[in-house]
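Encoded as structure tokens, the structure appears first; notes follow it.
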Amino acid sequence: MTRVPSRWLAPVLLAAWTGSASAYKCTEVPAGGWTLWWAPREVTVLQHVRCSSDLADRAACHAAITRSMASWTDVACTDFTFIDGGDTEDERAGYDWRHPEANRNTIVFREGDPADPWDTWPHQAGALAITTVTFNSRSGRILDADIEVNAVPRTGGRRYTWAICPDDGSGCGGANDVENTITHELGHVLGLDHPAVPDATMYASAQPGETKKRTLDTDDENGVCAIYPPGQAATPCVPATGGGVTPHIRALRSCDDTSQSPCEQRTLFGVRMGCAASGGGLPWAAALALLLLRWARRGR
Ligand SMILES: [Zn+2]
């Protein structure tokens, strides 16, 4: 597969939907107001073959991630299903809009291998993990989602470390639990945002050694079941109204860290689908192409 630059551009603050009807939050399309959803009820997620180098037992690392997928799939009041797509060598995150059929939903630990131009952390240094969701901004329909986990050395040689902690979190030192974090990030993949419910898996912050997010809270289950009722079409928390939001493909990053306040969330400008038929589209497209070129150069 050709490596194509697909990590984008120009950050804008993400405004989270603050619906009052329920505690769980659905992720809002910025400048739209409607929320994200998948059309297929089965979403395949692949794991990068390396998993985390902190874990000598790679199979155990992969198994922890598989359990995270199962936590969402096993919810009784929805038929939303994460399909474990197995291992992949593809470590890209973001969306290749020129080859949409080539996109995969992936989970990758970034470790800062200087020989690997993709193995970097171009996000906030303190972010523990980032999920980038790409979607059609007119409908909120999700096209692709990728999870990046931060294990890149930071200032002073510190970095986040990863482990499979004992169930009670004891004896895990300063490491972060793989299953705890990935279960949370998978909630972003399916379209959930951070609620103000401290016991929820989707709560914004996590501490080293924390394991409680492995198990979904009722609030998390209510969220996934509201969007994906069994046997029925997806029901976004806020359905799209057909507004003319452009560009048509956008992406946003949900950012998590270990502090009590979540790190900054960002949206990324994407690309206009199809040909621009009216004035204004082409200059925009040209500007985008230039920015993509700069991004590509910066990333290599
Ligand atoms: Zn989060």
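Computed from the coordinates by the stated procedures, all read-outs in this text should not be read as laboratory data. Here the structure is a predicted model, which is why all the values come from computation and not from measurement. Here the Cβ positions follow ideal geometry from the backbone for every residue, glycine too, while neighbour counts run over all protein chains shown.
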From phi via Karplus (6.51, -1.76, 1.60), per-residue ³J(HN,Hα) for the stretch 67-73 in Hz, x at Gly/Pro = 5, 4, 4, 5, 4, 7, 5
Specify whether the C-alpha gyration tensor of the stretch 109-185 places it in the rounded, prolate or oblate class, a ≥ b ≥ c being the square roots of the eigenvalues: rounded for a/c under 1.5, otherwise prolate if a/b is larger than b/c and oblate if not.
-> oblate
Measuring from label point to label point, each 7 Å out along Cα→Cβ, what is the Thr155 to Val238 span in nm?
-> 3.6
Between Trp34 and residues 5 or more places away or on another chain, which pairs have amide H atoms under 5 Å apart, with H built 1.01 Å from N, and which residues are they?
-> Val29
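Quote the FRET efficiency, to the nearest 0.05, computed for Ala115 versus Ala70 with a Förster distance R0 of 35 Å and r equal to the Cβ-Cβ distance.
0.50
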For the stretch 215-229, 3J(HN,Hα) per residue [Karplus equation, 6.51 cos²θ - 1.76 cosθ + 1.60, θ = phi - 60°, Hz, x = Gly/Pro] | 9, 5, 8, 3, 4, 5, 5, 4, x, 5, 6, 5, 7, 10, x
For the stretch 87-155, what is the percent of antiparallel DSSP beta bridges, rounded to the nearest 5?
-> 65
Prolate/oblate/rounded label for the stretch 14-138 (Cα gyration tensor, a/c 1.5) | prolate
Using mean Cβ contacts within 10 Å as the protection proxy, how do 195-207, 104-116, 48-60 order, highest first?
-> 195-207, 104-116, 48-60
